[in-house]
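The values are calculated or read from the model by the stated rules, or taken from the named source; none is laboratory data. These numbers were taken from a predicted model, which means no experiment stands behind them. Neighbour counts are summed over all protein chains in view; Cβ atoms, including those assigned to glycine, are modelled from backbone coordinates with ideal geometry.
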Protein chains: 2
Amino acid sequence: MSQQAAKQEAVSACRTQIESQLEKLRTLATEQAAPAAIKPEVALLQSITDQLAELSVAPKKGSSKITLKTPKGTRDWDPLSMALRKHVFSTIERVFAKHGAVTIDTPVFELKEILAGKYGEDSKLIYDLQDQGGELCSLRYDLTVPFARFVAMNPTEYGSIKRYHIAKVYRRDQPAMTKGRFREFYQCDFDIAGTYDAMVPDAECLCVVTEALDALGIEGFTIKVNHRKILDAIFAICGVPEDKIRTISSAVDKLDKSPWDEVRREMVEDKGLDGAVADKIGTYVQRHGGRDLLAQLQQDAELTQNARATEGLADMELLFQYLDVYQIMDRISFDLSLARGLDYYTGLIYEVVTAASAPPGFGANAALAPAAAPKPKQKKDGEEEIDESAVGVGSIAAGGRYDNLVGMFSGSKKPDAVPCVGVSVGVERVFSILMQRIRDAQARGERTAVRQKEVEVFVMSMGDGLLLERMQVCKMLWDSGIKAEFLYKKKPKLQAQFAVVDKEQIPFAVMLAPGEWAQGTVRVKQQLGKEESGNDKGEEVPLKDLCSYLLQKRA
Amino acid sequence: MSQQAAKQEAVSACRTQIESQLEKLRTLATEQAAPAAIKPEVALLQSITDQLAELSVAPKKGSSKITLKTPKGTRDWDPLSMALRKHVFSTIERVFAKHGAVTIDTPVFELKEILAGKYGEDSKLIYDLQDQGGELCSLRYDLTVPFARFVAMNPTEYGSIKRYHIAKVYRRDQPAMTKGRFREFYQCDFDIAGTYDAMVPDAECLCVVTEALDALGIEGFTIKVNHRKILDAIFAICGVPEDKIRTISSAVDKLDKSPWDEVRREMVEDKGLDGAVADKIGTYVQRHGGRDLLAQLQQDAELTQNARATEGLADMELLFQYLDVYQIMDRISFDLSLARGLDYYTGLIYEVVTAASAPPGFGANAALAPAAAPKPKQKKDGEEEIDESAVGVGSIAAGGRYDNLVGMFSGSKKPDAVPCVGVSVGVERVFSILMQRIRDAQARGERTAVRQKEVEVFVMSMGDGLLLERMQVCKMLWDSGIKAEFLYKKKPKLQAQFAVVDKEQIPFAVMLAPGEWAQGTVRVKQQLGKEESGNDKGEEVPLKDLCSYLLQKRA
């Protein structure tokens, strides 16, 4: 049978299978069968359809029809970006380790059920893997849920742990890459799990994020803080029905980008809240400040009669005391509009915003001046329109306390058996800020601290190729731990070799010439900048002393 | 409307949609519509079914029904494994950088079509993302194809590049985790792209992998080398039909695990090769050696009349010359049975095997003594049975030359416009080997070089809690770059604090006592082991001198 005939046969077999599979599904649908019975049949239908589609593709090898790009919302990291990324990560790691954190890693995908019910309205942004038989999995959406799963799996060893985790997470969000919002992006998380005295670990998380951003040279950031218990108490005393609390909470969270009128309209018109209730909420959530605001709330008769509010206010009192010792109270804005979208927070919540994205006059005691509302966005690519606040455009770090998440996994009778608090640094915006600085420096012709390539020595031939000899010299250098390269040509041109040295700014050139080589010597030239090295022929060094000569010179 | 009623309504809406979607599909199937028209409708059916399934799940928060595990074939990295991983990666990175490589990164998933047609029989192991609307994507299967895609996208800047890439790749393989075979695992790749003189970059790749494994302390490994052109020539002169070359090639590749009789049987019975052809192949592919084998082949009249063989043999001649200069010929076994499964190799191919997995007596000139055939495996989880040779159990590194892969992407008229060669270190087996050494050392009570936690100072209270004071001291230490911790309790017990110092082997304890604190001093005790520190009360140090005192002590 010819290949063509075999293929034709496979195609028609597929079509028959599809028809019978559709018949089976129709029966199941008519019988109102359980979804669990329908799902695998649909998966089977899909795999047959995929097979059919593959058979129908003409096998054109080397076809240029391929779209040469990375998937939407993702990007490559070129050598310069990678050098910067390594610098940023090692800076952040140093801070995390200084506070005694160990590090862990988890798989890039988790069982789908592990992620279910953790992210509120954002759950629709989770990437699923295709059902190819076996378990259903999803790409991790953050590092917090995998961490809680890890702790729940290892309660004895890691029921009390301070860990950091730097890794990629995935969100099927509407990308805005110029703003640093990607579908694949890094998070740098620092979390403390374990039963400790109130607000002590929480305060350290804020201290850690401040040190990390300071170490990266990020200036003028503000840490907005709020407390879920205070917020819930406010909603309760204002008369928000229990089942509307989360949705009203997400509306409030938009106050950093939309004016109060717009948020009020959403509450009343879209979410069916009573106008008077909304107005009362407005008297609270438009306030922010520092100790002054805390003092006002502590005087609020209605609020202080609510048990949850009292707990929240006591926490804030302690927190401010600790942050004073850590000397970061001047970075703090106690902001009653901060709500955070995720389901799992139970106590203190916080978000770090950069000056650039903060409204004018923003600061610990300034009057609230909301930025203009964002422009309405167009639907594109048949994907859902995503609200900008979902990821937090101006935010460069965020986190909070989540005391029940580990308990949700371990099924412990005590839901807060392993209370946790943590902070996540969203480094993409940090990268953007720092990359701009590097490009500015390069434009001014300055050398930057971040080097892509670390080669110290270029081994070159001054005539006759001397390929084996250049290899031999490189081998000597490599064995001594010296970073060295040569041109992979049998007879490289002199100019081509010097071009590499100049372009890569390699500090030393080792030059091999047939005559000197015969006498056991090579010539070493240190590149000190164009003026000085112009007519310098370099120093003659016996081959046997070359490594020690260079090791001494570079020291 | 009650929540229950709303849900009921949503469920019945879903069921109606499913029925109408099935109707639509039946029409398409009857009309024999193009797969491209059917696929999106099936995807839509699937998303409705998913919705139905989600609606049918009872919203039990905190339910303990969740399976607490990582997905099949994946694992968590605990703090000790992470410390080892960091050690391994930095060791390998140092070698790569020594040879002048820069580093890049690519997204964890690529457009599906980028990966299509690159992996031969192994394509079935690719993980696909679910079609959630938008582009079809797959998790990367290796780092080579993404690298070629990156170079093809940036031909001017990176048409000539030496880069390394350390990242996770994904294969839906049958996991054998005790053997270090995972579905999510790391590869450490070093590749050289660009037009250079023959075998010079190839030889450096072998030099690099040797240096990396030596630096990691891996002993007794062998580098098997072969050449695709020689292998293809052998198949041609033995009379293998053109369209059977790849499948016969994979059969030959199994000779490292199966005896010749078994491989011959597969060729003849399963793949329909003529018995005489198989026997003639057997006279070649059972041979391995070093220069001696090369010399024999150079004398082979039939082989040397084949143009491809001549090219391959000339390459090997050059390679051996260069490897002599790099002093690694003693690691090399020229092995005619090495075929490598992937489609994209065009020239030299190689695989590094550890002594443990090599057959007894294995070595550059020893007689071939194949290991026993692997036990037949059971099907599990409804997934396909995977041949063990697909991933190469005994192999810890592999690679080769792939001159046409970039051209496949760029659609260039010259398919080898950007020739490449590279090597990939499979670190999972390296981790297993090194982790075993650490556990052995721990069992002997020895301290290991790999530390999980780097804390230098533990700040403790000798009475009265002194929480704010301990915070203040830690803040001073952190500001000086000293790694410090304290217990997150208001009034920690003395014993609990000493327990941390002992368990974590923290070098310094800074002790705060109310009386001394009032006079501006603290006590510093260096932990030197149990005997010495037993009755030592430590040294009294003025608080203002504490940082400089500790910085000096640790130096």
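The residue of segment B:440-487 that is farthest from the other protein chains (Cβ to nearest Cβ), among those that are under 27 Å from A:R94 (Cα atoms) and touching a Ser or Thr at 6+ places or on another chain (Cβ under 9 Å), is B:Q442. Just one residue in the set A:V418, A:V393, A:V427 is in contact with a Lys or Arg (Cβ under 7 Å, 6 or more places away or on another chain), more than 11 Å from chain B (Cβ to nearest Cβ) and either farther than 30 Å from A:T521 by Cα or at pLDDT below 85 (or both); that residue is A:V393. One residue stands out among those in segment A:18-42 that are surrounded by 17 or more Cβ atoms within 10 Å (Cβ to Cβ) and more than 7 Å from chain B (Cβ to nearest Cβ): the one that is nearest to the chain's Cα centre (by Cα), which is A:E41. Taking the criterion of being crowded, with 22+ Cβ neighbours inside 10 Å and either among the small types (G, A, S) or free of Cβ contacts under 8 Å to residues at least 12 places away in the same chain (or both), the residues of segment B:131-169 that qualify are B:S138, B:A148, B:A152. On the stretch given as segment A:107-149, residues that are assigned to a helix (DSSP H, G or I), touching a helix residue (DSSP H, G or I) at 6+ places or on another chain (Cβ under 7 Å) and at the interface with chain B (Cβ under 8 Å from one of its Cβ atoms) total 2. Considering only residues in segment A:113-129 that are modelled with pLDDT of 95 or more and not aliphatic (A, V, I, L, M), the one that is nearest to A:C188 (Cα to Cα) turns out to be A:Y127. When only residues in segment A:99-108 that are touching a His at 6+ places or on another chain (Cβ under 8 Å) and not hydrophobic (A, V, I, L, M, F, W, C) count, which is surrounded by the most Cβ atoms within 10 Å (Cβ to Cβ)? If we take residues in segment A:99-108 being touching a His at 6+ places or on another chain (Cβ under 8 Å) and not hydrophobic (A, V, I, L, M, F, W, C), then A:T103 is surrounded by the most Cβ atoms within 10 Å (Cβ to Cβ).
Take the residues of segment A:393-424 that are of a type in the set (A, V, I, L, M) and in a helix (DSSP H, G or I): which is surrounded by the most Cβ atoms within 10 Å (Cβ to Cβ)? The extreme case among them is A:L405. Being within 23 Å of A:R291 (Cα to Cα) and in contact with a strand residue (DSSP E or B) (Cβ under 6 Å, 6 or more places away or on another chain) is the requirement here; does A:V200 meet it? No.
Being within 23 Å of B:Y158 (Cβ to Cβ), of a type outside the set (D, E, K, R) and either within 41 Å of the chain's Cα centre (by Cα) or at pLDDT 90 or above (or both) holds for only one residue in A:S461, A:S432, A:S480, and it is A:S432. Identification of helices (runs of 4 or more DSSP H) wholly contained in segment A:280-366 with 1 or more residues that are at pLDDT 95 or above, surrounded by fewer than 21 Cβ atoms within 10 Å (Cβ to Cβ) and in contact with a Gly (Cβ under 7 Å, 6 or more places away or on another chain) yields A:307-325. Residues that are hydrophobic (A, V, I, L, M, F, W, C) and closer than 30 Å to A:I223 by Cβ were ranked within segment A:435-458; the one that is modelled with the lowest pLDDT is A:A449.
Considered as a group, the residues in segment A:79-98 that are under 18 Å from B:I482 (Cβ atoms) and more than 7 Å from chain B (Cβ to nearest Cβ) include one that is surrounded by the fewest Cβ atoms within 10 Å (Cβ to Cβ), and that residue is A:S90. The sole residue among A:V353, A:V325 that is of a type in the set (V, I, T) and within 14 Å of chain B (Cβ to nearest Cβ) is A:V325.
Under 8 Å by Cβ, and 6 or more places apart or on different chains, what pairs join a residue from segment A:465-486 that is closer than 23 Å to A:D502 by Cα with one that is of a type in the set (S, T, N, Q)? As it stands, the answer is A:L467/A:S461; A:E469/A:S461; A:R470/A:S461; A:K475/B:Q327, since those pairs meet every condition given.
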